[in-house]
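A.B. asks: Got a structure here, written out as structure tokens. Questions coming.
Please treat every number below as a calculation from the coordinates, not as lab data. The model shown is predicted, which means the values in this text are computed figures rather than measured ones. Neighbour counts run over all protein chains shown; Cβ positions are idealised from the backbone, glycine included.
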Amino acid sequence: MSASRAGRSALKAAKGPTAAPSRTAKKPNPGAASSRHTSPPLPKRANPHLLNLNAAPGTQATHRVPPRAMTILGVSVLAMSTYCGYLYTSYRREVAQAQSMAVPEDVSDRYNHTAGTFDADVEMSEKLMRLGAKRRELVQRARGDVLEVSCGTGRNLEYYELGEKRMVDEKGRAGVRGCRSVTFVDLSPEMVAMTRTKFEKLHPGFAGTGRVEFRAQDARDVPPPPRPHAQGQGGQGGYYDTIVQTMGLCSMPDPAGALKHLGTITEPQQGRILLIEHGRSHYDWLNRVLDNLAPAHADRHGCWWNRDIGQIVQASGLEVVEEQRWHFGTTWRYVLRPRRQ
Ligand SMILES: C[S@@+](CC[C@H](N)C(=O)[O-])C[C@H]1O[C@@H](n2cnc3c(N)ncnc32)[C@H](O)[C@@H]1O
């Protein structure tokens, strides 16, 4: 044996039994194998580096989705696609019907018929959109002599702070908060009657003070309050310190004209017009849906839900103090004031 062969043999012997099997190992000797191998025999062509060493002998680490889960998934997908198909077909039918309708621009008379069911109709969607919190935040800012136009069924009543109170603001300045008087106006006598009933129940103390009024009237015809109530200037009556309107511009035939008029009866320095309105969205796809269904919605509910509230505010000539939008841009909140001359 040469020196190099002797060296290779010594190396093989040193590697021991895990080294590559010798040619003679092709015919296994059962007795010898059981004593030398402790791990399970590898399947043909298995890569020993991928073998799960922790797996119990004889088990295979495969992840199969159980047939029951596959069935549930399949049925769910089928049900969803059927439902979406049904929605799409109904939507197409509604659009075709809406587009064939001739609906007048002025649909404000619809509220005389829907006053009784109005609250129930809007309750769920307002809850889902958390509109109560938005109403509260806005209406709590009303102070002094207050006018609410398009008051509807009085959905803002619980948020008013009635009666004036001295306060110190966050900058340490002394001031007065709360409402000295409130006037509720709506075009629909049925709606105003509901506001009155609710108000008398909610605020029995204030109802008897003579500092609350309810009128069935067009917002464009509301006169300034009598001077004793307000810090009026000139001889033409007083001004309202705060005018509130929520979801009213959608129902008026001349929304910009109505806002312009409200600006003339708002106190010019500190007076504010507070609005929450709904209308067009930030998104074209949603505006297309609103446009497509608008005639049917207006005819049924007395409201044009596809109006561009920003454009209406701009056309009114009022100054924007604050502006905010939610719900894909369809809910608009404004604080406005008469434009400084
Ligand atoms: C969608 S409802 C909103 C009611 C309420 N402000 C609210 O937030 O639930 C619109 C209301 O505007 C009133 N309205 C429509 N046109 C009006 C007008 N020109 N002047 C005053 N109120 C009007 C309707 O009678 C109706 O009560």
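A.B. asks: In a solvent-free Debye calculation with one equal scatterer on each Cα, what is log10 I(q)/I(0) for segment 135-290 at q = 0.11, 0.14, 0.20, 0.21 Å⁻¹, listed in the order of the q values?
C.D. replies: Values returned for q = 0.11, 0.14, 0.20, 0.21 Å⁻¹ are -0.45, -0.71, -1.33, -1.43.
A.B. asks: Considering only C-alpha atoms, what is the centroid distance from segment 275-341 to segment 145-169, in Å?
C.D. replies: Spelled out, the Cα-based centre of one part sits 23 Å from the other.
A.B. asks: Now for a separate question. Using the basic label-point model (7 angstrom from Cα toward the beta carbon), what is the residue 91 to residue 202 distance in nanometres?
C.D. replies: About 3.6 nm separates the two model spin labels.
A.B. asks: A further question on this structure: Got the relative contact order for segment 229-341 handy, in percent, Cα pairs under 8 Å and 6 or more residues apart? Let's see the in-between values first.
C.D. replies: Details: 195 pairs, mean separation 34.0, N = 113.
Here the relative contact order equals 30 percent.
A.B. asks: Continuing with this model, one more query. Using Cα pairs under 8 angstrom and six or more residues apart, how large is the relative contact order of segment 108-216, in percent? Don't skip to the answer; put the middle values down first.
C.D. replies: Working: 163 pairs, mean separation 31.3, N = 109.
Once normalised by length, the contact order is 29 percent.
A.B. asks: Kindly provide the trypsin sites (Lys or Arg not before Pro) of segment 237-341 that DSSP labels as loop, not H, G, I, E or B, and whose Cβ sees at most 12 other Cβ atoms within 10 Å.
C.D. replies: Details: sites: 260, 272, 280, 288, 300, 307, 325, 333, 339, 340; in loops: 280, 307, 339, 340.
Of the trypsin sites (Lys or Arg not before Pro), the ones in loops of segment 237-341 whose Cβ has at most 12 other Cβ atoms within 10 Å are 339, 340.
A.B. asks: Which of the GluC sites (Glu not before Pro) across segment 279-330 are loop residues per DSSP, with 13 or fewer other Cβ within 10 Å? Working shown, then result.
C.D. replies: Values: sites: 319, 322, 323; in loops: none.
Sparse-neighbourhood loop GluC sites (Glu not before Pro): none present.
A.B. asks: Here is a further query. Tell me the Kirkwood hydrodynamic radius of segment 79-192 in angstroms, computed as one over the mean inverse distance between distinct C-alpha pairs. Walk me through the numbers on the way to the answer.
C.D. replies: Working: mean 1/r = 0.0556 Å⁻¹.
After inverting the mean inverse Cα-Cα distance, the result is 18.0 Å.
A.B. asks: With a cut-off of 8 Å between alpha carbons and a minimum separation of six or more residues, what is the relative contact order of segment 184-231 in percent? Before the final figure, lay out the partial values.
C.D. replies: Numbers: 34 pairs, mean separation 24.5, N = 48.
Relative contact order comes out at 51 percent.
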